[in-house]
Amino acid sequence: MLPKHTTGGEKEQQGKRKGAHLRLFINLAILFLAWLASAILFSAKVSAQGLILTNQAGQEVEQSVLKSTQLDIQVKGMLAFVELKQVYQNPALETLNGSYQFPLPENSAVFAMEMMLDNRKIIGEIKEKQQAEVIYKKAQQQGHKAALVKNQSANVFKTKVANIEPGQEVAVKLSFQFPLTYQDEVFSLRLPTVVAPRYFNNLDLDENDPNSHFQTRSQSSFQPNTLMAEEAPTLDFLPNTVLTSFNAKNKITINFDVNLGFELDSISSPSHMLSVVQTGNTQYQLIPAPQSLVANRDFDIKFVPLLNAQITTQVFHENINGESYYKVMMMPPKSDFVSHSLPRELVFVIDTSGSMAGTSIEQAKQALILALEKLGTDDLFNIVAFDHQVELFKSESVAATYSQLQAAKRFIAGLEADGGTEINSALAASFDGQFDETRVRQVVLLTDGAVADAESVKGLVKNRRADSKLFTVGIGSAPNSHLMRLLAKHGKGETLFISNLENIADEVALLSDKLSNPALQNIRVLNDLGLPLVDSLPTADLYFSSPLVAYFKLAQPAQAVQIAGDGVNGKFLKRVSLENAIDAKGIARAYAKEHINTLDLIQDKAEITKLGIRHGLLTPYTAFIAVEEYFGDVANKSFEAPNMLPQGSAMPQTSGNNDRLFWLGILLLVGGFLLALWGQKEDAEK
């Protein structure tokens, strides 16, 4: 058989086909790689080679220079006092500006700030926020070393440092205090170390509508944690963004001394490895394991008092400038609470967004299943699952029968974490339905609270159905505790936290007790004549196993006050003696902080600013500013040091389709490769 000869025209056609196949494959590969790069940048803004920082002109700036974070913590009585010291160093060959966002514990009162340069110390001053920012920018322009500390949002704070010279170290130290919590005969301290990524809601609250109707935007407004570089001194970092990186290793050191004023039966941490050394009758030193001290999860510590030190009533007092500030903490007898006589309707709202990926979604699903198992046969229930969309278990609440509970468990098992965090839509759905005066209606929200716009969520909860009470369950290693407590406060409920799989059963059992026992409501502080105190602050509704905490101020000495409230057994009234009140540092600041929280609910900017200046506290409208009088080079570049991602977090999934798109891209790439091979084989056969 004679060999087959290929003409010049056929060779040309084969070459064209081969080139077309090759170009198709190359184009598919380029499209896939471009998609993959944009998806990674959109999801997490991280780089396999580490975080690269650039200015607006695209010029690279050195990597982050947060060198160290040190915490000195002293627990005295019911307050924890903390000195937070962060050291920044500039490794570049040019003068730079730096910025870092960090969280503080819920209800923290920041009352002092210092900046240290070599052997020089500059004491920060509290100023009205806009005034402090003007001073900082002017100092930045003139080449002065300066530091600005301000509220970024809620309990997220920001430090900015201007004009760090090559190789120079600048230390910023903050002093703050926050109260311990007491629940179910256990004291606890929760210290956040990382700001989790936050999601921007797609919904805007219509403030003119008393029924809280919402209007949906047509386009997604998710903004992942992105770096916004600035050209000093005019451009600031965008608010409510949190720079995170898989490669950040923000280590911390902690010195921890405890003296609650009585002996403790045990000290434990569900979040960290901890050694305890007793240094006195009521004094303890806590030593965290060094390998666990990285800023990727909340530091959670439990203090269990000896039985003979069980708390009944404690009164704390501080006298400042002739005014007497008081904090009363008391545990009403359990007989003041009784199980619900009315049947209930419970709506469980579970967050299945991308920020819940990893261990958080498993914790939430397990907690929800345990909560379902505690429902009574007379109860109605429903489940609302949400990411960027809302999915209902049933169109309306159903009876807690065996078959419905089994169907609910199958529904829960099929839930996966993906997409955005449209919490407003889910809460709006949970508050829907017909009013039923024969039932107690309770909404239980399980979430990490990773949303940036807390105001619209707060507005929706504040205008919820009058018969609904909202309980929040914080999930994960670094939940947004401020949002959790804020929503529960507006929803007339309470907050619990589940940080690991080991304590889920105990926490859900405690939640069930709270849901089953009605609150003491309309709590108020009266004088001995039964008249309301003028300078007493509003007190939250009280639930089973939680303490009643009241703050008030007296201009004149008094022997006692009365605590009054409305309970299921009728009126609650207890006389509290003030004669043996314990002198305690920080009570005046705690009162001022609680007063600021109350004013924040009605957004009284002028009074909040006044209180912040008077008590030297950081607020949404005040800031600390420190400026060195000497000056040097002016920085023309800025950087932001990244936070670590919370422990147990997966890469944020924001579009709701990243996994599917990834495999689609893989299939397209493989298909293009096979197509190119097939074309080559066909040409060879011809």
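Just so you know, all these numbers are worked out from the coordinates, no wet-lab data involved. Just so we're clear, the structure is a prediction, and the values are computed from it rather than from any experiment. With ideal geometry, Cβ positions are generated from the backbone for all residues, glycine too; neighbour counts draw on all protein chains shown.
Annotation: the residues Tyr182, Tyr591, sorted from fewest to most other C-beta atoms within 10 Å of their own C-beta, follow the order Tyr182, Tyr591.
Close amide-amide hydrogen proximity is noted between Asp418 and Ser353, Gly354, each under 5 Å apart and 5 or more residues distant or on a separate chain (H modeled in the peptide plane; Pro and chain starts excluded). Peptides 383-389, 321-327 ranked from most to least packed, by the mean per-residue count of other Cβ atoms within 10 Å: 383-389, 321-327. Computed on the stretch 484-574, with alpha-carbon pairs under 8 angstrom and 6+ residues apart, the relative contact order is 27 percent. Seen through its C-alpha gyration tensor, with square-root eigenvalues sorted a ≥ b ≥ c, the stretch 346-409 comes out oblate because a/c lies at 1.5 or above while a/b is not bigger than b/c. Residue by residue, the stretch 406-415 carries 3J(HN,Hα) couplings of 5, 5, 5, 5, 5, 4, 5, 4, x, 6 Hz when phi is fed to the Karplus relation 6.51 cos²θ - 1.76 cosθ + 1.60 (θ = phi - 60°); x denotes Gly or Pro.
With respect to the cross-link table entries Lys160/Lys302; Lys514/Lys553; Lys129/Lys610; Lys137/Lys173, which display a Cα-Cα separation exceeding 23 Å?
In this structure, Lys160/Lys302; Lys514/Lys553 lie more than 23 Å apart at Cα.
Can you tell me the order of 125-138, 527-540 when each peptide is scored by its average per-residue count of other Cβ atoms within 10 angstrom, highest first?
Values: 125-138: 17.1, 527-540: 14.2.
Descending mean neighbour count gives 125-138, 527-540.
Once you order the gyration tensor axes a ≥ b ≥ c over the Cα atoms, which shape class does the stretch 521-638 get: rounded for a/c under 1.5, otherwise prolate or oblate by comparing a/b with b/c? Prolate, because a/c is 1.5 or more and a/b exceeds b/c.
Counting only DSSP beta bridges with both residues in the stretch 339-516, what percent are antiparallel, rounded to the nearest 5?
15 percent
Divided by 2.2 N^0.38 Å, where N counts the residues, the Cα radius of gyration of the stretch 339-516 comes to 0.93. Placing R0 at 30 angstrom, the Cβ-Cβ distance between Lys571 and Gln603 gives a FRET efficiency of 0.35 after rounding to 0.05.
Remark: for residue pairs Lys458/Lys605; Lys158/Lys492; Lys76/Lys327; Lys458/Lys571; Lys150/Lys462; Lys458/Lys574, the C-alpha separation exceeds 23 Å in Lys158/Lys492; Lys458/Lys571; Lys150/Lys462; Lys458/Lys574.
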